[in-house]
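Participant: I have a structure I would like to understand better, so I am pasting it below and will then ask my questions one at a time.
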Amino acid sequence: MAIERLYYMRKDHKATRIVIKRAEVDLKMQPVIKWLNSYPGIFTRWSCEGDDTEFIQETLLRFDGPYILFYCDEQLELNKILHKLEGYAVVIIDFYRDQMIRYCIRFYDVARFERFIKRYEL
């Protein structure tokens, strides 16, 4: 049973969070996307299963491995996620429009991505 919380966008507008029922994601990304979205306050936005290239330390923008772009408004949940990702991926923090913080999980390579899924039985 999901707990529904109310959020207020403006004083005169009530809002609530809803579960998005469907999204198209790369097949290999599905277990990790479900895992991330199981945490309260986590919202995945983009993902790609990538291909089997090496991790490029100098320029993360040219990286072609598996990645997930997400937003988070629950710091404690983010800490849990970061702890599990240690050794499998880096997390890039970026300021987006209107000073919104977004996070990007970049797995070091396809092999570590697959080991992560197996390790946590996703």
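Every number here is computed from the coordinates shown, using simple stated rules; none is lab data. All of these numbers come straight from a predicted model, not from anything done at the bench. Neighbour counts are summed over all protein chains in view; Cβ atoms, including those assigned to glycine, are modelled from backbone coordinates with ideal geometry.
Participant: May I ask you to sort V32, V91 by Cβ crowding, counting other Cβ atoms within 10 Å and putting the fewest first?
Facilitator: Listing V32, V91 from fewest to most nearby Cβ atoms yields V91, V32.
Participant: Roughly what would the spin-label model give for L82 and K118, points 7 Å off Cα along C-beta, in nm?
Facilitator: Taking the simple label geometry, L82 and K118 are separated by 2.8 nm.
Participant: Please give the FRET efficiency for F43 paired with A111, using the beta carbon to beta carbon distance and R0 = 25 Å, rounded to the nearest 0.05.
Facilitator: That pair, F43 with A111, gives E of 0.35.
Participant: Calculated FRET efficiency, K14 and K34, Cβ-Cβ r, R0 35 Å, to nearest 0.05?
Facilitator: With R0 = 35 Å, the Cβ-Cβ based efficiency is 0.75.
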